[in-house]
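First up is the structure itself, then whatever we jot down about it.
The values are calculated or read from the model by the stated rules, or taken from the named source; none is laboratory data. Since the model is a prediction, treat every value here as computed from it, not as a measurement. Quick reminder, even Gly has a Cβ in these numbers, built from the backbone with ideal geometry, and neighbours come from all protein chains shown.
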Amino acid sequence: MTRELLWGGATASSQYEGSFNIGGKGIDTQDVRPYKPRTSNATKETRLLTQSAVERAKADIAAGRGNYPFQRGTKGYEHLEEDIAYLKELGIDIYRFSISWARLFPNGDEIEPNPEGLAYYDKVFEAVKAAGMKTFLTLTHYALPLHLVEAYEGWTNRALIDFYERYARVVFERWGDMIDFYLPFNEINAGYFSPWNGVGLIKPEDGPYDMSKVFQSLHNQFVASARVIRMQREVSPASQSGCMVAAFCYYPYTCSPEDNLLKLLDEQVNMWYPVDVLANGIQPYYMERFYRDHDITVDITEEDLDLFARYSCDFVSFSFYTSSCLTTGENGEQTAGNLVCSVRNPYVEATEWGWQIDPVGMRTMLNAFYDRTHKPIFISECGLGARDVLEDDGSIHDPYRCEYLQRHFEQIALAQQDGVDVLGFIMWGIIDIVSAGSCEMGKRYGVIYVDADDEGSGTYRRIKKDSFGWYRDFIARYHRTGAISF
Ligand code: BGP
């Protein structure tokens, strides 16, 4: 029997809310990321921050200067009621959003939460529920209180596990009966590729990250995930717990045995490692070799392993945007992708940002995740980042986004026929928000346009794109007929 799917849309606090220093909120790791034009090769400075970059940002904040897009997001904090009304009109079944840890605990290590932060999210949960939508909560979506980076060195420090469980307990004790699905972390594999976003690690000024610190941080986040699930099952047993990774749909660039082995080995460390720990409840064998080969030391206790075995998640989730070709050779043109770079695949098209459009990859990933975990799967992010144009008559025509969605929905239907237990699909960036990777406004994902640019200029008024009506009608037709159809 094929499950009736839930159709949704997503935002993330740091990319959407803005009001970074309003209502008692503390500074977080996203507030200090500067905008750099993508044409410059400085974009790494926006993603992998050094100590000097953090100091410069703090000085800019004190002086009220500089272009830090996550400080303003797309002003969701001020537009809450209006935006929820749009989502209700859209008719989505479920809304994915994240709580800003620094809004509840400005420094992250306080004992008591910030009352203004509690009051804000009371409004959010009430508005979502009043609109008849289910909630899909991301407990933290890349935004770590900056104090935890500066005073504790981010997730390298096991102390963050206790701080995080304290924060999560406040969330579930206050809103647990309104949390239908949740993720302890967004893309918990990102800490390897984006240590600043993923695990709050400052990049050394003159060299690479200490990989023992990176993998200790990942392990500590896995322990925190399991501790949160243990607590949630006491406090709010009806909520469904998930683990989420960025899906890396890898293809060997050639049929050489070495390229094929590379695909398997890279998939293990880049994607399956968190899934095996958090969904399958094991510390996977292959990490021993990886640690040995890279001279990595990670402190893993018997108690940690017992937590993994006893508190694995209820469902599995991934973000899917693109696929990547890997090769051991030097052949092939490099291209970009979500979190990693790879070789250009001649069989698929790519976006202006180099992200390859591969709907069949969605079906491949759904089968691969279900095959590995035998747990229901929620697609928690998928969407098309594009340069949408606001016409003189106030319309925005984005047929390319409707086509992207249709081609991916067709593959979800095929995966269901394959026997994969799919829970639902959550479109990324249901409303235009700041790009996590590039800090741009110009890379738009939403079915709702926000009139703002990379420098923060604009009215921030909301305008429905053509894709708004397309998605609204698709969802209504699906629930009327029980089938994915166009
Ligand atoms: C994922 C993040 C999202 C979102 C998405 C799109 O890694 O979980 O926050 O940003 O990527 O990426 P970008 O915004 O860089 O286009």
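Of all residues being closer than 13 Å to ILE426 by Cβ and in contact with a helix residue (DSSP H, G or I) (Cβ under 7 Å, 6 or more places away or on another chain) in the range 122-140, which is surrounded by the fewest Cβ atoms within 10 Å (Cβ to Cβ)? Just the residue, please.
At the first step, the residues of the range 122-140 found to be closer than 13 Å to ILE426 by Cβ are 133-138.
If we keep only those that are in contact with a helix residue (DSSP H, G or I) (Cβ under 7 Å, 6 or more places away or on another chain) as well, we get 133, 135.
Values: MET133: 22, THR135: 20.
Selected residue: THR135.
In the range 95-148, which residues are in contact with a Ser or Thr (Cβ under 8 Å, 6 or more places away or on another chain) and either in a loop (DSSP other than H, G, I, E, B) or hydroxyl-bearing (Ser, Thr, Tyr) (or both)?
Result: TYR95, SER98, ILE99, SER100, THR138, LEU139, THR140, HIS141, TYR142, ALA143, LEU144.
Within the range 85-104, identify whether any single residue is crowded, with 24+ Cβ neighbours inside 10 Å, more than 24 Å from ARG461 (Cα to Cα) and not hydrophobic (A, V, I, L, M, F, W, C), and answer yes or no.
Within the range 85-104, one or more residues are crowded, with 24+ Cβ neighbours inside 10 Å, more than 24 Å from ARG461 (Cα to Cα) and not hydrophobic (A, V, I, L, M, F, W, C).
Please identify the pairs in which a residue from the range 297-322 that is under 18 Å from VAL223 (Cβ atoms) and of a type outside the set (Val, Ile, Thr) has its Cβ atom under 9 Å from the Cβ atom of a residue that is within 16 Å of the ligand (Cβ to nearest atom) and modelled with pLDDT under 95, counting only partners at least 6 apart or on another chain.
none
Working only within the range 372-387, note down all residues that are more than 13 Å from the ligand (Cβ to nearest atom) and not hydrophobic (A, V, I, L, M, F, W, C). Give the steps one after another, and end with the answer.
Taking the range 372-387 and keeping what is more than 13 Å from the ligand (Cβ to nearest atom), we get 372-378.
Across the range 372-387, the qualifying residues are ARG372, THR373, HIS374, LYS375, PRO376.
Could you tell me whether ASP259 is surrounded by fewer than 22 Cβ atoms within 10 Å (Cβ to Cβ) and either of a type in the set (Val, Ile, Thr) or touching a Gly at 6+ places or on another chain (Cβ under 9 Å) (or both)?
On the way: surrounded by fewer than 22 Cβ atoms within 10 Å (Cβ to Cβ): yes; either of a type in the set (Val, Ile, Thr) or touching a Gly at 6+ places or on another chain (Cβ under 9 Å) (or both): yes.
For ASP259, the condition - surrounded by fewer than 22 Cβ atoms within 10 Å (Cβ to Cβ) and either of a type in the set (Val, Ile, Thr) or touching a Gly at 6+ places or on another chain (Cβ under 9 Å) (or both) - is met.
Considering only residues of the range 349-369 that are out of contact with any strand residue (DSSP E or B) (no Cβ under 6 Å at 6 or more places or on another chain) and over 15 Å from GLN411 (Cα atoms), which is surrounded by the fewest Cβ atoms within 10 Å (Cβ to Cβ)?
GLU352
When you scan the range 1-93 for helices (runs of 4 or more DSSP H) that lie fully inside it, which ones turn up with 1 or more residues that are farther than 26 Å from PRO106 by Cβ and modelled with pLDDT under 95?
Working: elements: 13-16, 43-47, 51-63, 80-90.
Answer list for the range 1-93: 43-47.
So which pairs qualify, if the first residue must be in the range 323-352 and within 16 Å of the ligand (Cβ to nearest atom), the second must be of a type outside the set (Ser, Thr, Tyr) and modelled with pLDDT under 70, the Cβ gap must be under 7 Å, and the two must be at least 6 apart or on different chains?
So the pair list comes out as SER324/GLY337; SER324/VAL340; THR335/CYS341; CYS341/GLN334.
Give the residue that is farthest from GLU78 (Cα to Cα), with candidates limited to residues of the range 388-447 that are away from the ligand (no atom under 16 Å from the Cβ) and among the acidic types (Asp, Glu).
ASP418
Every residue, every condition in (1) of a type outside the set (Ser, Thr, Tyr); (2) under 30 Å from ASN280 (Cα atoms); (3) at pLDDT 95 or above; (4) touching a helix residue (DSSP H, G or I) at 6+ places or on another chain (Cβ under 6 Å), yes or no:
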| position | (1), (2), (3), (4) |
| --- | --- |
| SER380 | no, yes, yes, no |
| GLU403 | yes, no, yes, no |
| ARG407 | yes, no, yes, yes |
| ARG462 | yes, no, yes, no |
| PHE468 | yes, no, yes, no |
| ASP473 | yes, no, yes, no |
| ALA476 | yes, no, yes, no |
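Suppose the filter is under 29 Å from PHE70 (Cβ atoms) and assigned to a strand (DSSP E or B); does TYR471 pass it?
Details: under 29 Å from PHE70 (Cβ atoms): yes; assigned to a strand (DSSP E or B): no.
Taking the combined requirement at face value, the residue does not satisfy it.
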